[in-house]
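Peer 1: I'd like to ask you about the structure that follows.
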Amino acid sequence: MEVRNLICIGCPLGCPVTVTMEGEDIQVTGNTCPRGADYARKEVLSPTRIVTSSIRVNDGVIARVSVKTKNDIPKSKIFEVMDEIRNTRVDAPVTMGQVLISDCAGTGVEIIATKSVERV
């Protein structure tokens, strides 16, 4: 039997949640809402994250544009995603919501700009 203690991030309460796993049987306790149980199961079976970073901008009024993954990615792919982001340059102008990388690191997830950058 494996026991994991987590802090739920499904809502602002931040409930301490305990997940007990024995084979295929998963029990979640400590959550005060259904989102806590959903979060805990997902976190122990297939953890995912939203990645935020910045990409270099050529000829922009600022040198970098803030970006994020459009959806969450497998936690195990974070370093591959960051490598691709780090090696990417885009030309200004950039608009908020613009897709800057499609299918980043083979995840099927897009990297989008979270702000606009005008051209110099």
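Please treat every number below as a calculation from the coordinates, not as lab data. The model shown is predicted, which means the values in this text are computed figures rather than measured ones. Neighbour counts run over all protein chains shown; Cβ positions are idealised from the backbone, glycine included.
Peer 1: Fully extended, how many nm does the chain gain between Lys70 and Asn58 (0.36 nm per residue separation, minus their Cα-Cα distance)?
Peer 2: Going from the current span to full extension adds 2.1 nm.
Peer 1: Same structure again: In which sequence would Leu100, Leu13, Leu45 go, from the one with the fewest C-beta neighbours within 10 Å to the one with the most? Walk me through the numbers before you get to the answer.
Peer 2: Details: Leu100 18, Leu13 13, Leu45 10.
By the 10 Å Cβ count, ascending: Leu45, Leu13, Leu100.
Peer 1: Looking only at the chain, where both bridge partners belong to it, what percent of the DSSP beta bridges are antiparallel (to the nearest 5)?
Peer 2: Details: 25 of 28 bridges.
If we restrict to bridges inside the chain, about 90 percent are antiparallel.
Peer 1: Continuing with the same structure: Under the definition of Cα pairs under 8 Å and six or more residues apart, what whole-number percent is the relative contact order of the chain?
Peer 2: Details: 238 pairs, mean separation 23.5, N = 120.
Relative contact order here is 20 percent.
Peer 1: Could you give the size of the charge dipole of the chain about its Cα centre, using +1 on the Cβ of each K and R and -1 on the Cβ of each D and E, expressed in debye and rounded to the nearest 20? Before the final figure, lay out each step's value.
Peer 2: Numbers: 15 positive and 15 negative charges, 99 e Å.
I would put it at about 480 debye.
Peer 1: Here is a follow-up. I want to check a number: in the chain, how many lysine pairs have alpha carbons closer than 17 Å, given a sequence separation of 8 or more or different chains?
Peer 2: Working: Lys42/Lys75; Lys42/Lys77; Lys68/Lys77; Lys68/Lys115; Lys70/Lys115.
Count of close lysine pairs: 5.
Peer 1: Going toward the positive end of the dipole of the chain, with +1 on Lys and Arg Cβ and -1 on Asp and Glu Cβ, which of Asn58, Val28, Val17 do you reach last?
Peer 2: With unit charges placed on the Cβ atoms, the residue in question is Asn58.
Peer 1: Let me test this: with uniform point scatterers at the alpha carbons of region 4-46, what is the Debye-based log₁₀ I(q)/I(0) at q = 0.17, 0.24, 0.27, 0.32 1/Å?
Peer 2: Cα-only, vacuum Debye calculation for region 4-46: -0.36, -0.71, -0.88, -1.19.
Peer 1: Pull out the extension gain between Ser46 and Val99, defined as 0.36 nm times the separation in residues minus the alpha carbon to alpha carbon distance; nm, one decimal. Can you show the working numbers first?
Peer 2: Working: separation 53, 0.36 × 53 = 19.08 nm, distance 2.57 nm.
Residue separation times 0.36 nm, minus the Cα-Cα distance, leaves 16.5 nm.
Peer 1: Based solely on its DSSP helices, what 222 nm [θ] is calculated for the chain when runs of n ≥ 4 H residues each add -39,500 (n - 2.57) and the sum is averaged over all residues, nearest 500 deg cm²/dmol? Before the final figure, lay out each step's value.
Peer 2: On the way: 2 runs with 21 residues, N = 120.
Per the formula, -5000 deg cm²/dmol.
Peer 1: Local charge sum around Thr114 (other residues, Cβ-Cβ under 13 Å, Lys/Arg +1, Asp/Glu -1)?
Peer 2: +3
Peer 1: Could I ask something else about it? For the chain, what is the convex hull volume of the alpha-carbon atoms per residue, in Å³? Write out the running numbers ahead of the final one.
Peer 2: Numbers: hull volume 13.8 nm³, N = 120.
Enclosed volume per residue, from the Cα hull, is 115 Å³.
Peer 1: Which far-off residues, 5 or more places away or on another chain, put their amide H under 5 Å from the one on Arg64, with H placed in the peptide plane?
Peer 2: Long-range HN contacts for Arg64: Val57.
Peer 1: If only Cα atoms are counted, what is the Rg of region 52-113, and what is its Dmax, in Å?
Peer 2: So, for region 52-113, Rg and Dmax equal 11.1, 34 Å respectively.
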